[in-house]
Every structure is written in structure tokens, then in C-alpha cells.
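Here is the structure we will look at, set down as C-alpha cells.
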Amino acid sequence: MAIPGINSVHNFARSTIYKLVDAMPAVTINSKKLSDSIKWAGQHISSPQNRLILGATALMSQPFIDLNNKRVDEETRKTSAARTVAKIIAGTTTGFFVRYYCIKAIEAFTKDPKTLKEGEKYKSVLYPKNILRVTKKGLKHHKMALGTVISLGVMMFTNFLIDAPLTKILTNKFVAKIKENDAKKSKGVSDG
Amino acid sequence: MANLTLIDKFYKKFCENPGKMLIHTGVIGWIMSSAAQIFAIAINDKIPKEQKMFMVPQEFADACVNILSFYAVTRTFTSFADKMVKCGKLIQKPTKKWLIKNGYENLLGKTKFDISKIKLPAAQRRSHELFKDGVDLTAATVGGIISCNIITPVIRNLYASKRQKQGIAYLNKKYPKKSQISDKQYHNVSMADFQTRAYSLSSGLKI
């Protein structure tokens, strides 16, 4: 069913992108090295690695944004930054491993039945057996989509059972450390 | 034709474009993650109430802004990069050479033009597809970094600070007799405030 509001937003976004593309100068990649690097990234960086990149860059930006939030008092700023760091560490670690192992599991169970021996048929349980022409790209997308669904299901549990408690433990550790440092500093000032 | 299993139907639905599903699962993922984090803040008895008043809305805003900025920024980045490669505005030298040689020079770079619909030689096609995948991934990563790691924390902090102020004002109104919680407890302290605190906290202060 067509939703006029969403369609008009979509059309607006599309025409804006078209205008942007029109306004951009043409770029030809002459360097083979650069071209190969771009292709390498597309082939080798998948969802788990992407999660690591986002986590690493989050550590480089988010705590500093929290620490510079002058709208709240210093104590809240520090606790908030500590919790942000804890959340990034917990979320990135769990997110990376969940994605990595889900993809591994899907790879293991999406084998083409024609390539398997008699006792290994279980390795094709996630392979689309009744589709006449399974393309390489289609299978790649199939695995990606399956991986997303399965990791979402796994994360439903790990979010509550690992992420949240780990964030709490790390936050408390970091806050205790901050308080210890603050106490040392203020003691130093009063002694001095 | 054999009956299609759930896995076959799944393949049929997502073999062309898994992106349409990634959007929905991404949104669900953010909501779930924020729910877990709000739960973690709520059960953390070492975080004072007034700080929770900042962190709970901060986490809530984190999910909402992440979703919005994902659509507004990350998707724009990926669509833009996708279009740039599709129409040949961003192109590898060998592909460009082939297209010019085969009479596509005038179409190259026009938004209506789509290289993937041209019958390129197999090696060229493969190279172009790999290049497109790489550009898509780079755009999604850069867009993700800008939206999740820069735009979201700035906006969520603005919203959460506002909510904390409202919460503290509510608490002070509800419990006027108890010691007043100030949202300016640790900064912008007036001289009178500073003296009162210094006198009450420091026994060794000689005046």
C-alpha cells in the first residue's frame, strides 16, 4: 500500500541525491593501489569488522562529547562519560563476537548440497534447495540477511545477560577510579 | 515445481536486496540495546538519582536519535555513493576507458545512466561490482561514524540535559524540605555558595 507521506519524503530524498550527484565533479580512480584497497575493503570488511570500526571511533569521540557537555554538572559529566566508555566496550565486544560466530555458523550450514558427502547433508540446512538458480551474489545476500536475523535473536539475550551487567560493572569500576583520582587531587591541593 | 521451504522463501525475498531488511533489524537492535541499557542504569544502585535523571533520557534519546540520524545521514551517504558509482561519476580508469571506447561517453556521469545495465566484459563487470561493494561499505562506515558517533551523542546530551533539569526541578518541588539538589552543583558556583560549602566541608580552613 502506498503511503503518500513516506513516498513524498522518499522522492524528495531521491531528487536531492540526484541533484547532489549532478553537482559533483566526475572522479576517476587512476591509482590501481587505491582501487584495489577499495575492492579489498568491500570483500573483507563485513558486519563484525564494521562493528569494531564503529566501536573504536566511538571511543575516540563519544566520551569527549560527554565530558564537554557543559549543560550538566561535573559529576554527571564524568559518570556519563564513564558509562559511555563502559557501554562502548561491552557493546563492541559482545556485538563483534555475536556477529562473528553467527556468520561462521551460517557459513557452516549454507553449503551447496551438491558439494557434500552422504553424511554431511546437515551442512546444507540453510541452503535454498528448491530454488532453480542460486547465484553467488544471491547466496551472499541470503547469508547476510540470515546472519542479521540470527544475530538479532542472539542479541535479544546477550543485551540483557551480558551487555547490560558488563556495562554496569565497568561503569562502577571507572566511576570508582575517577573518584579515587579526584580525592587524590583534592588531597594534593589541600596538602599543598 | 517443488514446494518452497521457509529458507527458499527467505532467499527469494532477500537475494536481490538484503538492505531493506537490514534497516528494520537495525532499528529493532537499537531499541533492544537501549532497553537493556536503561535496565542497567535503573538497577545500578551506585548511580545517584539525579544522575540517573540524565542517563535514562540520554539512553532513550540515544536510540531515537540513532534511528533518525541513520535514516537521515547514513542512508543519504550510502544512496549518494551508490548513485555516484552507478552513473559513473565515481569510476575506475579501466571501466571508464572501456565505456568511452564503446560509445557511452555522453551518458557517463548522467544520473539516469546505470553501468550495471551495460553488458561489460566479464572481468570488467566483476571489477566494477567489487569496486561498488567497496564504495558502498566505505560510505556506510563513514556515514555510520558521523551519525552514531558524532551527531547522536551531541543531540542525545542536549535532550538529556533538558530532561535532567526538569526532573531536578520536579524533585525540589516535591521535597522542598530536603536538601535542594542543584543542577549547578559543581560548576557556575556563586561566591556565597562556595563559601558556605567550604566552611561546612573543611575543618582545617583558617580564615
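Every number in this text was worked out from the coordinates using simple rules, so none of it is lab data. No experiment lies behind these values; they were computed from the predicted model shown. Counting neighbours? That spans all protein chains shown, and the Cβs are built from the backbone with ideal geometry, glycine included.
Structural descriptor for chain A: relative contact order 22 percent, calculated from alpha carbon pairs under 8 angstrom and at least 6 residues apart. The alpha-carbon of A:Lys187 sits under 16 angstrom from the alpha-carbons of these lysines, leaving out residues fewer than 8 places away in its chain: A:Lys177, A:Lys179.
Cross-link partners for A:Lys70 among the aspartates and glutamates, with Cα-Cα distance under 13 Å and sequence neighbours closer than 8 places in the same chain left out: B:Asp183. Taking the longest Cα principal axis of chain A as reference, the axis of helix A:4-23 is set at about 90 degrees. Here the residues A:Trp40, B:Trp30, B:Trp98, ranked from fewest to most Cβ neighbours within 10 Å of their Cβ, fall in the order A:Trp40, B:Trp98, B:Trp30. In plain terms, the residue of A:Lys184, A:Lys136, A:Lys123, B:Lys162 with the fewest other Cβ atoms within 10 Å comes first and the most crowded comes last, giving A:Lys136, A:Lys184, B:Lys162, A:Lys123. Springs between Cα atoms under 10 Å define the GNM used for chain A, and in it the highest mean-square fluctuation of A:Thr16, A:Thr171, A:Thr57 occurs at A:Thr16. Ignoring aspartates and glutamates fewer than eight residues from A:Lys111 along the same chain, the ones with Cα atoms less than 17 angstrom from its Cα are A:Glu120, B:Asp8. Comparing A:Asn69, A:Asn30, A:Asn11 in a Gaussian network model of chain A where C-alpha atoms under 10 Å apart are linked, the largest mean-square fluctuation is found at A:Asn11.
Relative to the longest principal axis of the Cα atoms of chain A, the long axis of helix A:136-158 lies at roughly 40 degrees.
Can you give the percent of C-alpha pairs in region B:1-129 whose distance is more than 24 Å? Cα-Cα pairs in region B:1-129 separated by more than 24 Å: 58 percent. Considering only A:Ala105, A:Ala41, A:Ala86, the mean-square fluctuation computed in a Gaussian network model of chain A, springs between alpha carbons under 10 angstrom, is largest for A:Ala41. Once the Cα atoms are used to define both axes, helix A:164-191 deviates from the longest principal axis of chain A by about 30 degrees. Among the residues of A:81-89, the average count of other protein chain beta-carbon atoms within 10 Å of the residue beta-carbon is 3. Among the listed pairs A:Lys143/B:Lys110; B:Lys12/B:Lys97; B:Lys12/B:Lys117; B:Lys89/B:Lys117; A:Lys136/B:Lys117, those with a Cα-Cα distance over 25 Å are A:Lys143/B:Lys110; B:Lys12/B:Lys97. Taking every residue in B:28-35 and counting other chain Cβ atoms within 10 Å of its Cβ, the average works out to 4.
Put simply, the amide H of B:Gln92, placed in the peptide plane, has neighbours under 5 Å in A:Ile29, leaving out anything fewer than 5 places away on its chain.
By the gyration tensor of its Cα atoms, with a ≥ b ≥ c the square roots of the eigenvalues, what is the shape of region A:1-122: rounded for a/c under 1.5, prolate for a/b over b/c, or oblate? Here region A:1-122 falls in the oblate category.
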